[in-house]
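What follows is calculated from the coordinates using simple rules that are stated; it is not laboratory data. Keep in mind it's a predicted model, so treat the numbers as computed, not measured. Cβ coordinates were reconstructed from backbone atoms using ideal geometry, including for glycine residues, and neighbour counts include every protein chain displayed.
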Ligand SMILES: *[C@@H]1O[C@H](CO)[C@@H](O)[C@H](O)[C@H]1NC(C)=O
């Protein structure tokens, strides 16, 4: 009675459990064998960071090093580069400057440059920067203005694309996360804020004065209907 339902289960146990026990030590044994032999047999990655400023191209690191190292894969040099990725943008509002960082695309790059424009104005092209450069400074930014900045990479085959909102024809530049473009909003100067506050304060004060003047002087003269009626009524009494 007990034997027949238990039989398949026992069969499974006898086949699986010893195997499982067997596999565990075998695995660790294999790892133990592998680890000492890893460093000589496996190449290491080059000390290459695509976001590091003044980063020597990985292919040059590969040539220069005593042992060959591995580089991240690149697109074909016969193709225009992929767009770089715009990173952190640090705005110094008081000086009208912004420091822009970016990361290299997985493509061979000869040079970079920045495009900058305000609102819907024409893009201004910054100076050409060599392939090691990952940051650049923008100057002459106006307080309170909003700009679009894009980083462009180029090589012998062409230049990287700027994403457009709603297709290639569109004038509007899209600013997806991890794309080559971003928007910079320069905060207004603190002095400007003080002026704005003074302006609003003055306007409110004038409005209050006008309300008081109207209340005490002009309302009777211009004839507020209700007040006129009560005045006449009280005069009649
Ligand atoms: C690339 O430009 C940077 C910054 O202008 C400069 O320091 C560096 O020497 C240049 N590198 C090459 C290889 O021209």
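Here's the yes/no breakdown for (1) closer than 25 Å to residue 193 by Cβ; (2) assigned to a loop (DSSP other than H, G, I, E, B); (3) in contact with a strand residue (DSSP E or B) (Cβ under 8 Å, 6 or more places away or on another chain); (4) in contact (Cβ under 8 Å) with a residue 40 or more places away in the chain:
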{"site": "83", "(1), (2), (3), (4)": "no, yes, yes, yes"}
{"site": "91", "(1), (2), (3), (4)": "yes, no, yes, yes"}
{"site": "99", "(1), (2), (3), (4)": "yes, no, yes, no"}
{"site": "117", "(1), (2), (3), (4)": "no, no, yes, no"}
{"site": "122", "(1), (2), (3), (4)": "no, yes, no, no"}
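Looking at segment 107-124, which of its residues are within 14 Å of the ligand (Cβ to nearest atom) and within 19 Å of residue 59 (Cα to Cα)?
Start the filter on segment 107-124 by keeping residues that are within 14 Å of the ligand (Cβ to nearest atom), which leaves 109-114.
Correct list: 109, 110, 111, 112.
Only a single criterion out of (1) surrounded by fewer than 13 Cβ atoms within 10 Å (Cβ to Cβ); (2) more than 18 Å from residue 81 (Cβ to Cβ) is not satisfied by residue 158, namely (2). Among the numbered conditions (1) within 16 Å of the ligand (Cβ to nearest atom); (2) farther than 27 Å from residue 76 by Cβ; (3) in contact with a strand residue (DSSP E or B) (Cβ under 6 Å, 6 or more places away or on another chain), the only one that residue 127 does not meet is (3). One residue stands out in segment 130-150 among those that are touching a residue at least 40 places away in the same chain (Cβ under 8 Å) and within 12 Å of the ligand (Cβ to nearest atom): the one that is surrounded by the fewest Cβ atoms within 10 Å (Cβ to Cβ), namely 137.
In this structure, is residue 176 exposed (fewer than 13 other Cβ atoms within 10 Å of the Cβ) and within 16 Å of the ligand (Cβ to nearest atom)? Spelling it out, it is not the case that residue 176 is exposed (fewer than 13 other Cβ atoms within 10 Å of the Cβ) and within 16 Å of the ligand (Cβ to nearest atom).
Annotation note: Cβ proximity below 9 Å between a residue of segment 49-70 that is closer than 16 Å to residue 108 by Cα and a residue that is part of a strand (DSSP E or B) and within 16 Å of the ligand (Cβ to nearest atom) (sequence gap 6+ or interchain) occurs for 51/101; 51/102.
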